[in-house]
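Taking it in order: structure first as structure tokens, then the write-up.
The values are calculated or read from the model by the stated rules, or taken from the named source; none is laboratory data. Values in this document were obtained by computation on a predicted structure and should not be read as measured data. Glycine gets a Cβ as well: all are built from the backbone with ideal geometry, and neighbour counts include every protein chain shown. Ligands, DNA and RNA are stripped out before the accessible areas are found, and what is left, the full protein with its side chains, is counted by its heavy atoms. Shrake-Rupley method; radii C 1.70, N 1.55, O 1.52, S 1.80 Å.
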Amino acid sequence: VRYAPAPWRRYLRNHQQTLAGAALLLDDDLPDAFSDPALPLRYAAKTAWRYARGQRDLAELCEAIWVSTPGLQQKYPQVPTRLVPPLYVGRPTPAGTPGPTYFYHGTAAHRREIEWLVDIVAEVQRRNPRAEFEIFGTSRVARLYRSIPRVRVLPPMPWREYLGYSGSITHAVGLAPLLGAGFNASRSYTKIFDITRCGAVGIYTDTAPFREPLGDGQMGVLCANDPALWIEHI
């Protein structure tokens, strides 16, 4: 989990003597979230505050730190860590109803990627009048894409609702651009999970989180962040 709520921390403290141990798993660069100017201010502040709120308790309660990516391990070499990559469990045969032909499911933390895709989607829609595109976002995202035909902007969903939705619809292509460094340099490859859960093949930025799991080319293609290349691949 990203954060440890106060009741969980109290439980750990009250049962510390009966537990074999406790480890803190970091799946994002939470300690440095607030210093990345590329993240939306509200998102960065909320993330940093929630992390800081439990940091002292977790430092006392946890004797080990696990990280989900080599990027996190490399960023904090002074801290002994154990690398625990995500474990993928997917549906063997996509069983959802057909949906829009390609999609990007990124949160507000992916503001740059959402903006970067606007011109790409506009050109794909111009070239292929049957293409449909789906993206999550607020009214701001809807304004970015409103001049592009056949674009569906869905409101953000809680995780469990999204998990059910993404397992109930089938897409052809999923997009996973990843721009710049900072917070993004430590991201994991969980976008692969979201894309394959929808029964889609993925187009991914050719960067560290995606290179190893996509090495055989069976689940998707790696692509430099060149809009012309993304248009052709889609």
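The C-beta contact set for region 150-168 (first residue over 15 Å from Ala200 (Cβ atoms) and charged (D, E, K, R), second residue modelled with pLDDT under 90 and open to solvent by 40 Å² or more (accessible area, probe 1.4 Å), distance under 6 angstrom, 6+ apart or interchain) is empty. Checking each residue in region 176-190 for being open to solvent by 40 Å² or more (accessible area, probe 1.4 Å) and within 22 Å of Ile231 (Cβ to Cβ) picks out only Gly180.
Taking the criterion of being in contact with a helix residue (DSSP H, G or I) (Cβ under 7 Å, 6 or more places away or on another chain) and either small (Gly, Ala, Ser) or assigned to a loop (DSSP other than H, G, I, E, B) (or both), the residues of region 99-154 that qualify are His105, Gly106, Ala108, Ala109, Ala131, Gly137, Ile148, Pro149, Arg150.
Okay, residues lined up against (1) within 15 Å of the chain's Cα centre (by Cα); (2) over 25 Å from Asn128 (Cα atoms); (3) surrounded by fewer than 19 Cβ atoms within 10 Å (Cβ to Cβ); (4) of a type in the set (Asp, Glu):
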position: Pro158; (1), (2), (3), (4): yes, yes, yes, no
position: Ala172; (1), (2), (3), (4): no, no, yes, no
position: Cys223; (1), (2), (3), (4): no, no, no, no
position: Trp230; (1), (2), (3), (4): no, no, no, no
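Of the residues making up region 194-211, those that are open to solvent by 30 Å² or more (accessible area, probe 1.4 Å), in contact with a helix residue (DSSP H, G or I) (Cβ under 9 Å, 6 or more places away or on another chain) and not basic (Lys, Arg) are Val201, Thr207, Ala208.
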